[in-house]
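Below you'll find the structure I mean.
The values are calculated or read from the model by the stated rules, or taken from the named source; none is laboratory data. What you see is a predicted model, and the numbers here were worked out from it, not measured in a lab. Here the Cβ is made from the backbone with ideal geometry for all residues, glycine too, and neighbour counts use every protein chain on show. Ligands, DNA and RNA are excluded from the accessible area calculation, which covers all protein heavy atoms including side chains. Shrake-Rupley method; radii C 1.70, N 1.55, O 1.52, S 1.80 Å.
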2 protein chains.
Amino acid sequence: MSNDNPTNTLDLRSLVKSTGEVEVSLIETPIGSPEENEVVVQIEASPINPSDLGLLLAAADLSTAQATGTPERPVVTAKIPEAAMRGFGARLDQSLPVGNEGAGTVVAAGSSPAAQDLLGKKVSLLGGGMYTTYRRVNVAACMPLPDDASAADGASSYVNPLTALGMTETMRREGHTALVHTAAASNLGQMLNKICIKDGIALVNIVRKPEQEKLLREIGATHVCDSSSPTFMKDLIDALVETGATIAFDAIGGGKLAGQILTAMEAAAVQKEDGYSRYGSSTFKQVYIYGGLNRGPTEFNRAFGMSWSMGGWLLMPFLQKIGDEDTRRLKERVSAELKTTFASHYTKEVSLQEALQLDAIAAYAKHSTGEKYLINPASSAG
Amino acid sequence: MSNDNPTNTLDLRSLVKSTGEVEVSLIETPIGSPEENEVVVQIEASPINPSDLGLLLAAADLSTAQATGTPERPVVTAKIPEAAMRGFGARLDQSLPVGNEGAGTVVAAGSSPAAQDLLGKKVSLLGGGMYTTYRRVNVAACMPLPDDASAADGASSYVNPLTALGMTETMRREGHTALVHTAAASNLGQMLNKICIKDGIALVNIVRKPEQEKLLREIGATHVCDSSSPTFMKDLIDALVETGATIAFDAIGGGKLAGQILTAMEAAAVQKEDGYSRYGSSTFKQVYIYGGLNRGPTEFNRAFGMSWSMGGWLLMPFLQKIGDEDTRRLKERVSAELKTTFASHYTKEVSLQEALQLDAIAAYAKHSTGEKYLINPASSAG
């Protein structure tokens, strides 16, 4: 099989300048030859996940975004609010690659049997810097795709599937028996519904719009609460009484929702417990915040007793905690159910250049449920 | 030794009425004879702790407080804000005894040797309903006081000492090596300083006023940060860098302080870690909220990465978690150091009747640092 190593790759980069703006551009960099245990993958599909946007856009104010450069080498700049700049000390004036995960074809391989084995195969990849035409990686970062899977099928094999599985794993490991999920009509939320239906886990979905409720009911969701409904708190408490869910995963972060979930869990617990305790119920209630769709402050009034916890949840530390063997088990399930439980849907496929057009940025930065972009660097003009 | 069982006790009661007000009064109730393993204690000292106020005053609006009744049987009523009423469903229209802990003399005892052994002795007690002239309890709820200790010395043997010890225990058990405490000039905070100095634990004290900083420095505190100072955040970050504290116990609850502590811990962690991570430092940061001196909403802007947790902390569930043997170990330390490490100071000693005077209520309900009331039911007119 040919071992046709390209010389350069076209790389999407995000640069936060100490002058208070972010610059996103495409630069050509050398790839280097694969070491013994490395391969070079031509990236053909890489999703724009909510978890990519922080690194890509650096919390910039997109109303100030300006397009310069050429059609082949577009450059976008935007101002970063002063408050957000304070968090960027460690990345100042460094040009950073972007893109957590992707999939493509192995076009060159090092001398090891494991690397040679992958030559010509379609693989999915994790490890950052996937918004690029070619990516050199260790074979351990690659997962061969099933024969009938395209690169687009395999592009989202890690972040959403493992996050959704991480939620039900965390639920079990921490002694809960049912769970709550917010922004529940997202790609991730739909996967979580499919997992829970398949595994017989009760899931309370919280959405923000009636059409999102409709979407989830159509894929078989039983409990869907619309936070825009005047009966939201009552609906949520009823669903919590019915399911006994005492752990929630919240993608919103800002605003009052995380606290409302704890308050509703407490109301459901009090319905089941006898007698008054001035410190509230003894039922332990957990909300994990894993996203920040609302960047505003989190606010809650602690009307949920003393047995509660709110905290951050992140995929990589979770996988480190459960260890290699359990991580492998989760990845094998993703591979086995790639075209069913873990199928992703994209509204638009774009080249690297198209991903830097202002109207595209405005669309994918909105985090709208159902709006999901896929970058195909292989379709990008060199 | 005489076994002189009184017939009745004068009991302080708090009653939340469904009409939306709290009524605090004194009622006479029969004590009953002690069972085999029970004793009757004449209560001579019981502190008004912040943890008693929720049950006693039911979050009532004290500007609406009215005094009625007679000098011997005063009655206080006050309106409860509608929002607070929602949490009181389970205690509606039930007259509840108040007072977590106290101390006094055993005046009657059941037939068991353990009960008979206590007759005539001074003991401290835990178990609620201590704002009363006589209390019948199981011997297991009693701890004999050292010979040189008065009832006032022993009145606060449980809540503050075990809470302070519970904080350093929790710190160790959860893998932290130094801690932060807020409202740190309180009786509890002073105890915590004495424990930490004795045990060589680095403690970062957060106070709200310069005179509180002075008080803590005088008892030997090294790290004291005044949240009213314009350099507060810088001072706090410096103290956290120096001590490495990654766990905090917060008595305030409402407002922005809990979030500021996490933000400062993150800034201290980032100073010690290399390289940029879009998800913040990998240092796990914990804030436990154990009080509610500020009843307003808790608010934070999540400017502290993803490795954090905020949650409720309560003494009784903590003691249940560590088990009988470790609880006994903590109690023995309290007993051994009752007049040194765990000495409490009171600004005023009042009878049950005096505790129901409007000016007294206004004073002890303020939660002012240094203002601490002790009820002596034995001095109460019958």
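Sort out which residues of the stretch A:252-262 are open to solvent by 10 Å² or more (accessible area, probe 1.4 Å) and more than 10 Å from every other protein chain (Cβ to nearest Cβ), and write them in order of number.
Pass one, the stretch A:252-262, residues open to solvent by 10 Å² or more (accessible area, probe 1.4 Å): A:252, A:255-257, A:260.
Selection gives A:I252, A:G255, A:L257, A:Q260.
While we're on this one: Which of the residues spanning the stretch A:11-51 are β-branched (V, I, T), touching a Leu at 6+ places or on another chain (Cβ under 7 Å) and closer than 26 Å to A:L119 by Cα?
To start, the set of residues in the stretch A:11-51 that are β-branched (V, I, T) comprises A:16, A:19, A:22, A:24, A:27, A:29, A:31, A:39-41, A:43, A:48.
Checking the rest, the ones that are also touching a Leu at 6+ places or on another chain (Cβ under 7 Å) come to A:16, A:22, A:24, A:39, A:41.
A:V39, A:V41, listed by residue number.
Filter the strands (runs of 3 or more DSSP E) completely within the stretch B:280-320 down to those with at least 2 residues that are of a type outside the set (D, E), open to solvent by less than 30 Å² (accessible area, probe 1.4 Å) and more than 8 Å from chain A (Cβ to nearest Cβ).
In the stretch B:280-320, the matching strands (runs of 3 or more DSSP E) lie at B:285-289.
Taking the options B:E82, B:E101, B:E72, name whichever one is of a type in the set (D, E), in contact (Cβ under 8 Å) with a residue 12 or more places away in the chain and within 15 Å of B:T19 (Cβ to Cβ).
Residue meeting the stated conditions: B:E82.
Next question. Tell me, which strands (runs of 3 or more DSSP E) wholly within the stretch A:34-92 include 2 or more residues that are in contact with a Lys or Arg (Cβ under 8 Å, 6 or more places away or on another chain) and either modelled with pLDDT of 95 or more or within 14 Å of chain B (Cβ to nearest Cβ) (or both)?
Values: elements: A:38-47, A:66-69, A:74-79.
Where strands (runs of 3 or more DSSP E) fall fully within the stretch A:34-92 and carry at least 2 residues being in contact with a Lys or Arg (Cβ under 8 Å, 6 or more places away or on another chain) and either modelled with pLDDT of 95 or more or within 14 Å of chain B (Cβ to nearest Cβ) (or both), they are A:38-47.
Right, next: Given (1) within 14 Å of another protein chain (Cβ to nearest Cβ); (2) open to solvent by 40 Å² or more (accessible area, probe 1.4 Å); (3) touching a helix residue (DSSP H, G or I) at 6+ places or on another chain (Cβ under 7 Å), identify the lone condition not met by B:E371.
Result: B:E371 fails condition (1) only.
Only one of A:G280, A:G291 is within 19 Å of the chain's Cα centre (by Cα) and either under 20 Å from A:Q190 (Cα atoms) or in the same structural domain as A:T168 (by TED's automatic domain parsing) (or both); which?
Numbers: A:G280 fails: within 19 Å of the chain's Cα centre (by Cα).
Exactly one of A:G280, A:G291 is within 19 Å of the chain's Cα centre (by Cα) and either under 20 Å from A:Q190 (Cα atoms) or in the same structural domain as A:T168 (by TED's automatic domain parsing) (or both), namely A:G291.
Hey, another quick one. Considering only residues of the stretch A:95-117 that are surrounded by 13 or more Cβ atoms within 10 Å (Cβ to Cβ) and of a type in the set (S, T, N, Q), which is farthest from the other protein chains (Cβ to nearest Cβ)? Quick ask: steps written out before the conclusion?
Narrowing the stretch A:95-117 to residues surrounded by 13 or more Cβ atoms within 10 Å (Cβ to Cβ): A:95-110, A:112, A:114-117.
When the remaining residues are screened for being of a type in the set (S, T, N, Q), the result is A:95, A:100, A:105, A:112, A:116.
On the way: A:S95: 12, A:N100: 10, A:T105: 28, A:S112: 29, A:Q116: 33 Å.
The selected residue is A:Q116.
Just to confirm my filter: which strands (runs of 3 or more DSSP E) fall fully inside the stretch B:115-222 and include at least 1 residues that are free of Cβ contacts under 8 Å to residues at least 40 places away in the same chain and under 21 Å from B:Q320 (Cα atoms)? It would help to see each step written out before you state the result.
Values: elements: B:122-126, B:134-138, B:142-144, B:178-182, B:202-207.
Correct list: B:122-126.
Continuing with the same structure: Taking the stretch B:102-114 on its own, how many of its residues are assigned to a strand (DSSP E or B) and over 19 Å from B:S157 (Cβ atoms)? Step through it out loud before you land on a result.
Going residue by residue through the stretch B:102-114, those that are assigned to a strand (DSSP E or B) are B:102-109.
Narrowing the set further to residues that are over 19 Å from B:S157 (Cβ atoms) leaves B:107-109.
Going through the stretch B:102-114 one residue at a time, the tally reaches 3.
Okay, next question. Does the stretch B:8-23 include one or more residues that are out of contact with any strand residue (DSSP E or B) (no Cβ under 8 Å at 6 or more places or on another chain), aliphatic (A, V, I, L, M) and more than 28 Å from B:H345 (Cα to Cα)?
Taking the stretch B:8-23 first, the residues out of contact with any strand residue (DSSP E or B) (no Cβ under 8 Å at 6 or more places or on another chain) are B:19.
Those still in the list that are aliphatic (A, V, I, L, M) too: none.
No, there is no match, as no residue in the stretch B:8-23 is out of contact with any strand residue (DSSP E or B) (no Cβ under 8 Å at 6 or more places or on another chain), aliphatic (A, V, I, L, M) and more than 28 Å from B:H345 (Cα to Cα).
Which numbered condition trips up B:S335, out of (1) surrounded by 15 or more Cβ atoms within 10 Å (Cβ to Cβ); (2) hydroxyl-bearing (S, T, Y); (3) in a loop (DSSP other than H, G, I, E, B); (4) outside the structural domain of B:K209 (by TED's automatic domain parsing)?
Answer for B:S335: the failing condition is (3).
Here's another thing I want to ask about it. Out of A:R73, A:R91, I need the residue that is among the basic types (K, R) and open to solvent by 10 Å² or more (accessible area, probe 1.4 Å). Which one? Let's see the steps before the verdict.
On the way: A:R91 fails: open to solvent by 10 Å² or more (accessible area, probe 1.4 Å).
Testing whether each residue is among the basic types (K, R) and open to solvent by 10 Å² or more (accessible area, probe 1.4 Å) leaves just A:R73.
Open to solvent by less than 20 Å² (accessible area, probe 1.4 Å) and either in contact with a Gly (Cβ under 9 Å, 6 or more places away or on another chain) or over 20 Å from B:N205 (Cα atoms) (or both): does that describe B:A268? Spell out how you get there, then give the answer.
On the way: open to solvent by less than 20 Å² (accessible area, probe 1.4 Å): yes; either in contact with a Gly (Cβ under 9 Å, 6 or more places away or on another chain) or over 20 Å from B:N205 (Cα atoms) (or both): yes.
The answer is yes for B:A268.
While we're here: Report whether or not A:S14 is open to solvent by less than 30 Å² (accessible area, probe 1.4 Å), away from chain B (no Cβ under 12 Å) and of a type in the set (G, A, S).
No, not satisfied.
Related question: State yes or no: is A:G220 under 27 Å from B:G312 (Cα atoms), open to solvent by less than 60 Å² (accessible area, probe 1.4 Å) and at pLDDT 95 or above? Spell out the reasoning first.
On the way: under 27 Å from B:G312 (Cα atoms): no; open to solvent by less than 60 Å² (accessible area, probe 1.4 Å): yes; at pLDDT 95 or above: yes.
Considered against the rule, which asks whether it is under 27 Å from B:G312 (Cα atoms), open to solvent by less than 60 Å² (accessible area, probe 1.4 Å) and at pLDDT 95 or above, A:G220 comes out as no.
Of the residues A:E38, A:E44, A:E21, which single one is farther than 20 Å from A:N100 by Cα and assigned by TED's automatic domain parsing to the domain that holds A:G128?
On the way: A:E38 fails: farther than 20 Å from A:N100 by Cα; A:E44 fails: farther than 20 Å from A:N100 by Cα.
None of the others qualify; the one that does is A:E21.
The conditions are (1) closer than 20 Å to B:A221 by Cβ; (2) touching a strand residue (DSSP E or B) at 6+ places or on another chain (Cβ under 8 Å); (3) outside any loop (DSSP other than H, G, I, E, B), and B:A245 fails exactly one of them. Which is it?
Going through (1) closer than 20 Å to B:A221 by Cβ; (2) touching a strand residue (DSSP E or B) at 6+ places or on another chain (Cβ under 8 Å); (3) outside any loop (DSSP other than H, G, I, E, B) one by one, B:A245 breaks only (3).
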